[in-house]
Amino acid sequence: MEHPSSYIAPLPADKQQIVIDETRSYIKQAVDHFNIKDKTVDIRFDLKGRSAGMYRVRSKQSLIFSRQQRVIRYNPYIFSKYFDDNFATTIPHEVAHYVTDIIYGLKNIKPHGKEWRVVMDAFGADASVTANYDLAGIPMKRQAVFTYQCACRVHRLSTTRHNKIKKRRYQYTCNFCKQVLLEKHETDAVT
Ligand SMILES: [Zn+2]
Ligand SMILES: [Zn+2]
């Protein structure tokens, strides 16, 4: 059980600035080393859930322009709880995604493939799999809820479970009546 006292406060602004500076310094290093063009990237601390970081590109299009909006997102709670580790690994990890995006385009390579590992090597950073942190006290993303029904009651299932049922043909049974849960549609009679 999680205790309220174990709640982790998000990374304070002064430490966020240190992370931003470090990110910019990796980008500068990559610009020099790979001779790439330094494209605008926003750095935000708005990521929630299990990931420490994320790199994202969105295409913005209008009649007169088409441009890419690049964002590095950090999880302020995981950075707060495991600062040194994330400072050393998550920052180069996300900048390496940014660098491979500029060189190859994200859709042309595997996320953690050889192109990405070459950049991590250039940074002298550890390219091994993501750490498995104890996330106690760290707020999780709120999941959408789907309504299911058995013979005795209504059940609320997470998106994860709903997708397992829809895409992977999982079945969940009710702990009380042992019936298989079926999705409840709007047109179903309310019982
Ligand atoms: Zn990654
Ligand atoms: Zn039931």
Does Ala136 qualify as being in contact with a Ser or Thr (Cβ under 6 Å, 6 or more places away or on another chain), of a type in the set (A, V, I, L, M) and more than 16 Å from ligand 1 (Cβ to nearest atom)?
-> yes
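Rundown of residues vs (1) aliphatic (A, V, I, L, M); (2) more than 25 Å from Ile8 (Cα to Cα); (3) away from ligand 1 (no atom under 15 Å from the Cβ), yes/no style:
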{"position": "Met54", "(1), (2), (3)": "yes, no, no"}
{"position": "Ser66", "(1), (2), (3)": "no, yes, yes"}
{"position": "Tyr74", "(1), (2), (3)": "no, no, no"}
{"position": "Ile78", "(1), (2), (3)": "yes, no, no"}
{"position": "Phe83", "(1), (2), (3)": "no, no, yes"}
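Got at least one residue in segment 125-137 being among the charged types (D, E, K, R), surrounded by fewer than 16 Cβ atoms within 10 Å (Cβ to Cβ) and modelled with pLDDT of 90 or more?
Filtering segment 125-137 for residues among the charged types (D, E, K, R) gives 126, 134.
Now narrow it down to the ones that are surrounded by fewer than 16 Cβ atoms within 10 Å (Cβ to Cβ): 126, 134.
Still in the list and also modelled with pLDDT of 90 or more: none.
Scanning segment 125-137 turns up no residue that is among the charged types (D, E, K, R), surrounded by fewer than 16 Cβ atoms within 10 Å (Cβ to Cβ) and modelled with pLDDT of 90 or more.
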Could you check, for segment 131-149, whether at least one of its residues is at negative phi, hydroxyl-bearing (Ser, Thr, Tyr) and more than 16 Å from ligand 2 (Cβ to nearest atom)?
-> yes
Any idea which residue in segment 22-70 is nearest to Tyr82 (Cα to Cα), counting only those that are free of Cβ contacts under 8 Å to residues at least 12 places away in the same chain and part of a loop (DSSP other than H, G, I, E, B)?
-> Asp38
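Taking only segment 105-116 into account, find how many residues are surrounded by 14 or more Cβ atoms within 10 Å (Cβ to Cβ) and in a helix (DSSP H, G or I). Give the derivation first.
Looking only at segment 105-116, we keep the residues that are surrounded by 14 or more Cβ atoms within 10 Å (Cβ to Cβ), and these are 106, 109, 112, 115-116.
Then keep just the ones that are in a helix (DSSP H, G or I); that gives 106, 115-116.
Residues in segment 105-116 being surrounded by 14 or more Cβ atoms within 10 Å (Cβ to Cβ) and in a helix (DSSP H, G or I): 3 in total.
The values are calculated or read from the model by the stated rules, or taken from the named source; none is laboratory data. The model shown is predicted, which means the values in this text are computed figures rather than measured ones. Every residue, glycine among them, receives a Cβ derived from its backbone with ideal geometry; neighbour counts consider all protein chains shown.
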